[in-house]
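Scroll down for the structure; my scribbles are underneath it.
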Amino acid sequence: MIAQDLILDAKVNKKALNWAELGFQYIKTDYRFAATHENGEWGKGQLLADEVISIHEGAPSLHYAQQCFEGMKAQTAEDGRILLFRPELNCERMRRTAPRLLMPEIPEELFMQAIEETVRANYAWIPPFGSGASLYIRPMLIGVGENLGLNPAQQYEFRVFVSPVGPYYKEAGLAVISLAVSEIDRAAPNGTGSFKAGANYAGGLLATRKAKELGANEALYLDAAEHRYIDEAGSANIVIATKSGKFITPSSNAILPSITRRSIMDLASKHLDMVTEERPIDLRAEFDDFDEMGACGTAAVLSPVGKIWFDDEWHKIFQDGQTVGPIMQELYDLLVGIQKGELADEFGWLHEVDI
Ligand code: PLP
Ligand code: COI
């Protein structure tokens, strides 16, 4: 266990990082939380100093990708409160993903305790209000222990680590990004696309590389059956404001149900009074009706998309040099304003961590 006086010291002495310069990279913080599941039961779990996990060479997470993860952020409000954004939805999503991969569900109390303890213990690493950075929280569940054949693990580790981060895409804040449609598929219609399984991301590494070679920030996946409807980007869902005045997002059983998207759809409907629709979006047939497009997620926040590569050419939503459009700007301001505690939490989305 970690001595209380060390945690108290961290509260007084924030780390001397250049917060405004942070990108989305791993920075080792002081503590992480780990709990193990053995003989059908979860242990109590504890904070650890060691960032290295030692597991058996036969562990099913290493060979057969029996693992899943989550991503969320903690922010510092102007009055010093430490705020999490809808963490119960991350918990729910992990509890839905785990049984899909034959892993044990994490009890809600254990999940929340692990998040809160890790955030609290790393108080010194939480970027201050106004720095533009936040504390990224990465819960993960992995199958450990001896194994060889294609079997679920006999033991599991649930771990939560944190890292202070800046913007996910190199372009800071609301700068416009570009996407390239991938010829490689991310997820089959009845596969694991709607679960936050690491295997989905390993399969997408090549697509991301190819997108970057074309000069795009990320890959954009179309549905695997027809390569016609928009699924999602490599690490974010897609939202679109149409010229005909609607706010739309793809319905697909192969995409990760994004917590950020769900929140943005609510904001578009309740604050911008837009008609919102979750439905299949035919990229080629509907492109000319796209007024503004955004890629949204915990890491991506809401990044406006300026152009898309498909059918061997760039298709522009924005002209070169144009910055964010008014709808994505307003939604970004609302979302980030709520997340940082600057705007009223009218939907009850915030969860304060007692420090
Ligand atoms: N889609 C993918 C593939 C992701 O990795 C993420 C990130 O978590 C998202 C969408 C956005 O989900 P959320 O808003 O819950 O972070
Ligand atoms: C997140 O946004 O939390 C994610 O998990 C995306 C990841 C690829 C960084």
In nanometres, the difference between 0.36 nm per residue of separation and the alpha-carbon distance of Asp289 and Asp320 is 9.3 nm
With every protein chain kept in place and a 1.4 Å probe, the chain has an accessible area per residue in Å² of 45 Å²
Projecting the Cα atoms of Thr323, Phe347, Ala114 onto the charge dipole of the chain, where Lys and Arg contribute +1 and Asp and Glu -1 at Cβ, the residue farthest towards the positive end is Ala114
For the chain, averaging the sequence separation of alpha carbon pairs under 8 Å that lie six or more residues apart and dividing by its residue count, the contact order in percent is 19 percent
Among region 224-245, those whose backbone N falls under 17 Å of a label point 7 Å along Cα→Cβ from Glu313 are none
Expected sort for 33-44, 92-103 on mean C-beta neighbours within 10 Å, highest first, is 92-103, 33-44
PRE zone check, label point 7 Å out along Cα-to-Cβ of Lys170, amide N under 12 Å, scope region 218-262, hits 218
Toy charge model, Lys and Arg Cβ at +1, Asp and Glu Cβ at -1: the chain dipole around Cα centroid in debye, rounded to 20, equals 420 debye
On the formula 1/(1 + (r/R0)^6), with r taken between the Cβ atoms of Ile184 and Ala77 and R0 of 41 Å, the FRET efficiency rounded to 0.05 is 0.50
Placing each pseudo-label 7 Å from Cα in the direction of the beta carbon, Ala20 and Asp273 end up separated by a distance in nanometres of 3.9 nm
Computed from every Cα-Cα pair in region 37-92, P(r) in 10 Å bins starting at 0 and rounded to whole percents is 15, 29, 39, 13, 4
If N is the residue count of region 4-166, its Cα Rg over 2.2 N^0.38 Å rounds to 1.08
Once normalised by the length of region 203-355, the mean sequence separation of its alpha carbon contacts under 8 Å that are 6 or more apart gives a contact order in percent of 18 percent
Links exceeding 30 Å between C-alpha atoms in this model, out of Lys243/Lys270; Lys44/Lys73; Lys15/Lys270; Lys14/Lys307; Lys28/Lys270, come to Lys15/Lys270; Lys14/Lys307; Lys28/Lys270
Site Glu226, offset 7 angstrom along Cα→Cβ, radius 18 Å on amide nitrogen, limited to region 271-303, gives 278-289
Rounded to a whole %, the carbon-and-sulfur portion of the accessible area of the chain at a 1.4 Å probe is 49 percent
Expressed as a whole-number percentage, the relative contact order of region 4-166 with C-alpha contacts under 8 angstrom and at least six residues apart is 37 percent
Taking a straight Cα-to-Cα line shorter than 15 Å from Lys170, and setting aside same-chain aspartates and glutamates fewer than 8 residues away, one finds Glu21, Glu218
Of 111-119, 45-53, 185-193, 230-238, ordering from highest average Cβ density within 10 Å down gives 230-238, 111-119, 185-193, 45-53
Under Stokes-Einstein, region 155-249 at 37 °C and 0.692 mPa s, with its Kirkwood radius over C-alpha pairs, diffuses with a coefficient in µm²/s of 216 µm²/s
Using eta = 0.890 mPa s and T = 25 °C, Stokes-Einstein with Kirkwood Rh from Cα pairs puts D for the chain, in µm² s⁻¹, at 116 µm²/s
A student asked for the Cα radius of gyration and Dmax of region 125-201 in angstrom ought to give 18.0, 51
The farthest towards the positive end of the charge dipole of the chain, of the residues Gly45, Phe310, Thr249, given +1 on Cβ of Lys and Arg and -1 on Cβ of Asp and Glu, is Gly45
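The values are calculated or read from the model by the stated rules, or taken from the named source; none is laboratory data. Since this is a predicted model, take the numbers as computed values, not measurements. Ideal geometry is used to build each Cβ from the backbone, glycine not excepted, and the neighbour counts take in all protein chains shown. To get the accessible areas, we keep the full protein, side chains included, count just its heavy atoms, and leave off ligands, DNA and RNA. Shrake-Rupley method; radii C 1.70, N 1.55, O 1.52, S 1.80 Å.
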